[in-house]
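What follows is a short report on a single structure.
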Amino acid sequence: MSVSNTVFPENPKWPEEGTSRVPFWAYTREDLYKKELDRLFYNDHWCYVGLDAEIPHAGDFKRTVIGERSVLMVREKDGSIHVVENVCAHRGMAFCRERHGNRDSLTCPYHQWNYSLSGDLQGVPFRRGVKQDGKVNGGMPADFKPSDHNLTKLKVATRGGVVFASFDHDVEPLEDFLGPVILGYFDRLFDGRKLKILGYNRQRIPGNWKLMQENIKDPYHPGLLHTWFVTFGLWRADNKSQLLMDTHHRHAAMVSTRGAAGKAADVTQVSSFKANMELNDPRFLDIVQEPWWGGPTAVMMTVFPSVIFQQQVNSVSTRHIQPDGHGAFDFVWTHFGFEDDSEEMTQRRLQQANLFGPAGFVSADDGEVIEWSQEAFETKPSHRALVELGGREVGDTDHMVTETLIRGMYEYWRKVMEAT
Ligand code: FES
Ligand SMILES: [Fe+2]
């Protein structure tokens, strides 16, 4: 029997061409996925948890995840933000079920263990036993120390109103993790203005989580898949643009300026490239230039592994990647604006959020192509994807006709995942 046609290899090796090929098994192997959780989500990296505007008052909390682990982002009475794991220190249940709420303290319903907002164990029912007929029954051992049984506390970093956390207390500072180039674009969006939460979308995508990072590192597809973009002049492959990475090539920024090329010369002008197509509701494309843009009309930032920061004209949002097994993830969008926005600007941001979001004309396409990619990967993990547009190298570019950011991400992925 020939084994050269093995479709399900047992110990597959990365193709010799390097990251201009990505083997399908990188998206299908459950053991590899568990290793990704360990090495990318639970160690050495900062992961996104939310915006501090989501928990404005003392006692406010938001439940979310890092990788697959449930965590709570909590506002303490002194205003500080804590992130604790949603796993009771007693017998381990994920005690918090609400997505958002307000509490004086955190209590597990099973045996009522009670924790402070920063995760310190402060109450254990029957700790000293129960008196009955003049004697004390049960209770915790005499050497039981509550401080040994706090909730798992994560390291927290906030910048510009964005909250990151890490299970790894030795993780490098957030600013170093992002690197100066990505940090510059991060600070452009989160420049210290108070954020205003406009709403959420949740999108379940049956594909490997890395496909979402790839999707936002892929300037090849928008003008081809999202025909809507092109029709209404929001995207052209010859837009003035830059693709930039951190030195590890794990994070990236796709920076583009609409109207710097071709027909859509005026950024506030709705230009249809198909003369007979018109929007029934032109408010979708009521775009108003904002001073903080400083040039670019769209900056899509991928911060590896957990989050995408989006500015598409007036629509700004975070998109949180929440993996669930090797073949699915939840994609959670938080649409926001700024506290000094006029009511008109808030409405405009919401309109555009609907346009770009999962119920609109753009991200629904991305969800579907990711699903169909995963579908094929599962059938023949021995095969590979081709990532050669723009060459086989990795580097910043001043054009969009390249898949270099995807090659860069897998360079980093391999470094971390193949380390012994
Ligand atoms: S499992 Fe939480 S109190 Fe027992
Ligand atoms: Fe897309």
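All of the numbers you see were taken from the coordinates with simple rules; none came from a lab. Values in this document were obtained by computation on a predicted structure and should not be read as measured data. Cβ coordinates were reconstructed from backbone atoms using ideal geometry, including for glycine residues, and neighbour counts include every protein chain displayed.
Which peptide among 352-360, 44-52 comes first, and what is the full order, when sorted by highest mean count of other Cβ atoms within 10 Å?
With the highest mean Cβ count within 10 Å placed first, the list reads 44-52, 352-360.
List the aspartates and glutamates whose Cα lies under 15 Å from the Cα of Lys153, skipping any in the same chain that are fewer than 8 positions away.
Glu76, Glu85, Asp120, Asp168, Asp170
Tell me the angle of helix 343-356 to the major Cα principal axis of the chain, expressed in degrees between 0 and 90 and rounded to the nearest ten.
80
Once phi is turned into ³J(HN,Hα) by the Karplus curve 6.51 cos²θ - 1.76 cosθ + 1.60 with θ = phi - 60°, what whole-Hz value does each residue of region 300-315 show in order, with x for glycine and proline?
Residue by residue, region 300-315 yields 10, 10, 9, 10, 7, x, 10, 8, 10, 10, 10, 10, 10, 6, 8, 8 Hz.
Ignoring solvent entirely, what values of log10 I(q)/I(0) come out of the Debye formula for region 113-226 at 0.10, 0.15 Å⁻¹ when each Cα is a single scatterer?
-0.62, -0.99
Can you tell me how region 175-251 classifies by the Cα gyration tensor, rounded, prolate or oblate, using a/c under 1.5 as the rounded cut?
Since a/c stays below 1.5, the shape of region 175-251 is classed as rounded.
Hey, what does the equivalent ellipsoid look like for region 47-156, semi-axes from the Cα gyration tensor as sqrt of 5 times each eigenvalue, largest first, whole Å?
On the way: eigenvalues 179, 36, 28 Å².
Ellipsoid semi-axes (Å, largest first): 30, 13, 12.
Using only Cα atoms, tell me the angle between helix 363-379 and the longest principal axis of the chain; keep it within 0 to 90° and round to the nearest 10.
With rounding to tens, the tilt is 80 degrees.
Fewest first, what order do Lys240, Lys135, Lys380 take by the number of other Cβ atoms within 10 Å?
Fewest-to-most Cβ neighbours within 10 Å comes out as Lys135, Lys380, Lys240.
Counting other C-beta atoms within 10 Å, and keeping those with at most 13, which DSSP coil chymotrypsin sites (Phe, Trp or Tyr not before Pro) do you find in region 115-154? Numbers along the way, then the final one.
Numbers: sites: Tyr115, Phe126, Phe144; in loops: Phe126, Phe144.
Answer by residue number: Phe126, Phe144.
At a threshold of 8 angstrom on Cα-Cα distance, excluding pairs fewer than six apart, so keeping six or more, what relative contact order does region 179-418 reach in percent?
Rounded, it is 29 percent for region 179-418.
Sort out for me the Cα centre separation of region 55-116 from region 381-417, rounded to whole Å.
Using only Cα atoms, the two centres lie 39 Å from each other.
Using each residue's phi in region 53-63, evaluate 6.51 cos²θ - 1.76 cosθ + 1.60 at θ = phi - 60° and report the 3J(HN,Hα) Karplus result to the nearest Hz, with x for Gly and Pro.
With coefficients 6.51, -1.76 and 1.60, one gets 5, 6, 10, x, 10, 4, x, 5, 9, 9, 9 Hz.
When you count, for each residue, the other Cβ atoms within 10 Å and take the mean per peptide, how do 304-310, 116-122 rank with the highest first?
304-310, 116-122
List the aspartates and glutamates whose alpha-carbon lies under 18 Å from that of Lys380, not counting same-chain residues fewer than 8 positions away?
Glu10, Glu30, Asp31, Glu371
Cα axis of helix 174-189 to longest principal axis of the chain: angle in degrees, 0 to 90, nearest 10?
With rounding to tens, the tilt is 60 degrees.
Assuming R0 = 41 Å, can you tell me the calculated FRET efficiency for the pair Ser342 and Glu68, based on Cβ-Cβ distance, to the nearest 0.05?
0.50
Could you give the nm distance between label points at His90 and Asp143, where each point is 7 Å from its Cα heading toward the beta carbon?
So the two model labels end up 2.3 nm from each other.
Throw me the Rg/Rh for region 1-106, computed over C-alpha atoms with Kirkwood Rh, two decimals.
When Rh is taken as the Kirkwood radius, the ratio is 1.20.
Using every Cα-Cα pair within the chain, state what percent have a distance larger than 36 Å. Intermediate values should be presented prior to the final figure.
Values: 28029 of 87990 pairs.
Cα-Cα pairs of the chain separated by over 36 Å account for 32 percent.
Using the Kirkwood radius over Cα pairs, work out the Stokes-Einstein diffusion coefficient for region 179-418 at 10 °C and 1.306 mPa s, in µm²/s as a whole number.
86
In what sequence do Glu343, Glu368, Glu278, Glu411 fall when counting other Cβ within 10 Å, fewest first?
Working: Glu343 7, Glu368 13, Glu278 10, Glu411 16.
Fewest-to-most Cβ neighbours within 10 Å comes out as Glu343, Glu278, Glu368, Glu411.
List the relative contact order of region 168-259 as a percent without decimals, with contacts defined as Cα pairs under 8 Å and 6+ residues apart.
Working: 61 pairs, mean separation 27.7, N = 92.
It comes to 30 percent, rounded to a whole number.
Determine ³J(HN,Hα), in whole Hz, for all residues of region 31-43 in sequence, where each value follows from phi through the Karplus function 6.51 cos²θ - 1.76 cosθ + 1.60 and θ = phi - 60°; x replaces Gly and Pro.
Calculated HN-Hα couplings, in order: 5, 5, 4, 4, 5, 4, 4, 5, 8, 9, 9, 9, 9 Hz.
Strictly under 4.7 angstrom between C-beta atoms: which cysteines of the chain have no such partner?
Flagged as lacking a Cys partner: Cys47, Cys96.
Could you sort out which of Lys240/Lys415; Lys155/Lys217; Lys35/Lys415 sit more than 24 Å apart by Cα distance in this structure?
As for pairs spanning more than 24 Å Cα to Cα, those are Lys240/Lys415; Lys155/Lys217.
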